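To keep things clear, I will list the structure first and then write my remarks on it.
The values are calculated or read from the model by the stated rules, or taken from the named source; none is laboratory data. Computed from a predicted structure; not experimentally measured. A quick note on method: Cβ atoms are made from the backbone with ideal geometry, for glycine too, and the neighbour counts reach across all protein chains shown. Side chains are part of the model used for accessible areas, which takes the heavy atoms of the whole protein and leaves out ligands, DNA and RNA. Shrake-Rupley method; radii C 1.70, N 1.55, O 1.52, S 1.80 Å.
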Amino acid sequence: MRPLDEAETTAVFEKLFKFTGNNLKNIVENPSHEGPDPNPGRYCFRLHKNRVYYVSESLVKRATNIARPKLVSLGTCIGKFTHGGKFHLTIQALSLVAANARHKVWIKPTSEMSFLYGNHVLKGGLGRITDSIAPGDGVVVYSMSDVPLGFGVAAKSMQDCRKLDPNGIVVLHQSDIGEYLRMEDEL
């Protein structure tokens, strides 16, 4: 487990900024109250086997006693680097991204299962949408009862959504909690 280098940090922050905007500052400066230290530490990003973890500094200090080959995971895995060097957010980052999301989309109960099975969000299933969404912006998809379901990329701006027919795609699916549950079933 090691700190991210400059190129890796840039890739991670660019991806997180796409979903959180200026709220990225809240993620980076979030105080940690874990561990025996009376002073709250901070959370940091660490790389282990091409996966990026969001972990408290006190936990990182305690994990130095474990050999790298024997260390399986530490903290919250928020994403991974592909063999091509691109960074992909994983569904485990949903709680972190949802708490600091800049753009949000709420979908109707009839469209929740469709989204969880990997389909895009259609205009007919759209419940609410935040203002000033542009095409290509990262959005967090919520149920109407404010439960984060996943995240995706806006296909249309908010103004274009109003004119769109009910079968038009509003949000392109990237990841959802059903994906996490399917991963657990495979284990």
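Descriptive notes on the structure:
- Residue in region 59-67 that is at pLDDT 90 or above and either crowded, with 17+ Cβ neighbours inside 10 Å or not assigned by the TED database to the domain that holds Glu8 (or both) present: no
- Region 48-58, subset within 15 Å of Ser32 (Cα to Cα) and buried (at least 18 other Cβ atoms within 10 Å of the Cβ), residue modelled with the lowest pLDDT: Ser58
- Looking across region 19-30, the residues that are in contact with a Lys or Arg (Cβ under 9 Å, 6 or more places away or on another chain), over 12 Å from Ala93 (Cβ atoms) and either part of a helix (DSSP H, G or I) or at pLDDT 90 or above (or both) come down to Gly21, Asn22, Asn23, Val28.
- Pairs are defined by a Cβ separation below 6 Å, a sequence spacing of at least 6 or placement on different chains, a first member in region 1-28 that is under 21 Å from His103 (Cα atoms), and a second member that is open to solvent by 40 Å² or more (accessible area, probe 1.4 Å); the pairs so defined are Thr20/Arg102; Gly21/Arg102; Leu24/Phe17.
- Among residues of region 162-180 that are open to solvent by 40 Å² or more (accessible area, probe 1.4 Å) and at pLDDT 90 or above, those with a Cβ under 9 angstrom from a residue that is of a type in the set (D, E, K, R) and part of a loop (DSSP other than H, G, I, E, B), sequence gap 6+ or separate chain, pair up as Ile169/Lys156.
- Flag if Phe45 is in contact with a helix residue (DSSP H, G or I) (Cβ under 7 Å, 6 or more places away or on another chain), modelled with pLDDT of 90 or more and open to solvent by less than 20 Å² (accessible area, probe 1.4 Å): no
- Against the list (1) more than 30 Å from Pro135 (Cβ to Cβ); (2) among the aliphatic types (A, V, I, L, M); (3) not in a loop (DSSP other than H, G, I, E, B), the condition Leu16 fails is (1).
- Within region 123-144, the set of residues being small (Gly, Ala, Ser), surrounded by 15 or more Cβ atoms within 10 Å (Cβ to Cβ) and within 19 Å of Val97 (Cα to Cα) comprises Gly138, Ser143.
- Unmet criterion (only one of (1) at pLDDT below 90; (2) hydrophobic (A, V, I, L, M, F, W, C); (3) assigned by the TED database to the domain that holds Val140) for Ile107: (1)
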